[in-house]
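No lab work stands behind these numbers, since they all come straight from the coordinates. If you're wondering where the values come from, they're calculated on a predicted model, not measured in any experiment. Glycine also receives a Cβ, built like all others from the backbone with ideal geometry; neighbour counts cover every protein chain displayed.
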Amino acid sequence: MSVSKFSCLMALAVAVFLGTGDTAKANYVLTATLSITNAGSVTNAAGSSLTVDGTTVTLTNITSPVLPSVFIPPSTNTVNIGNITVTTTATSPPGTSFTVNYVDNLVLVNTPPPGTAQTGTFVLTGTLTLSNITTTSGVITNVFNPPTSASGPFAGFTFTGTALNFASPTVNGGTGSLGGILSSTPLNVIPAPASLVMLGLGLGGVGMIRLRKRHRPRA
């Protein structure tokens, strides 16, 4: 392959890369605001705690970048949408048993560049059930209420979010978490003007090579 032909093909490859690269990555911030509800009333709209017979359940809000912080579609990421701690002073069986209904307001924000400015929201509800909680034992389960997923165009991409995961906290110990899966695929990608110029140069170079071969005198 001649040097000129190689150079033109390289220009074409670079043009295609630049035409898609800037719009195929973006920085997103995911915020999860949790509230405990009882009989339809919000206990605390900025993170919540509820105490029953000496046992306290605390839900903690989340504000964190989607991992990785530079999100390159197509990609799938596990995201944290809330933390849970349980503490108790109950020392003997049968312990404490009750349920906690909660609301989790999820907000996804993209601030360009790159991508487009957009904010998306999704409201998730669920129920935590605590059974026979003492200082040394107990069972904590979670059920997400439908709808547990949402999908649609967002900031130049098609996003799908699904609430799937639950990591139970340890009583008087480790923090548990609510979790989900966030994935995206790019929508139609429109190259930037500078990239279009490079793409044109690359295609023009390939065309010149073909034209030169066509008119090359035969030996």
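Is the shape of segment 26-188 rounded, prolate or oblate, going by the alpha carbon gyration tensor and its root eigenvalues a ≥ b ≥ c, with a/c under 1.5 for rounded and a/b larger than b/c for prolate? Write out the running numbers ahead of the final one.
Working: a/c = 2.72, a/b = 2.40, b/c = 1.13.
Since a/c reaches 1.5 and a/b is larger than b/c, the shape of segment 26-188 is classed as prolate.
Once R0 is set to 25 Å, what does the formula 1/(1 + (r/R0)^6) return for the Cβ-Cβ distance between Thr37 and Thr78, expressed as a FRET efficiency to the nearest 0.05?
Values: r = 26 Å, r/R0 = 1.05.
Step by step, r from the Cβ atoms, then E = 0.40.
When a footprinting reagent is the concern and you count Cβ atoms within 10 Å, what order do Phe157, Phe144 take, fewest first? All intermediate terms of the calculation are to be shown ahead of the outcome.
Working: Phe157 25, Phe144 19.
With the sparsest Cβ surroundings first, the list reads Phe144, Phe157.
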Worksheet item: What length, rounded to one decimal in nm, is gained on full extension from Ser131 through to Ser64, with 0.36 nm per residue of separation minus their alpha-carbon distance?
Response: 21.0 nm
Response to the item:
Rounded to one decimal in nm, the spacing of the 7 Å Cα→Cβ label points at Ser149 and Val109 is 2.8
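Please compute the length gained on full extension between Ala167 and Thr119, using 0.36 nm multiplied by the number of residues separating them and subtracting their Cα-Cα distance. Display every interim value, and only then the final one.
Numbers: separation 48, 0.36 × 48 = 17.28 nm, distance 2.77 nm.
Contour length minus the Cα-Cα distance gives 14.5 nm.
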Worksheet item: By counting other Cβ atoms within 10 Å of each Cβ, how are Thr96, Thr76 ranked from fewest to most?
Response: Thr76, Thr96
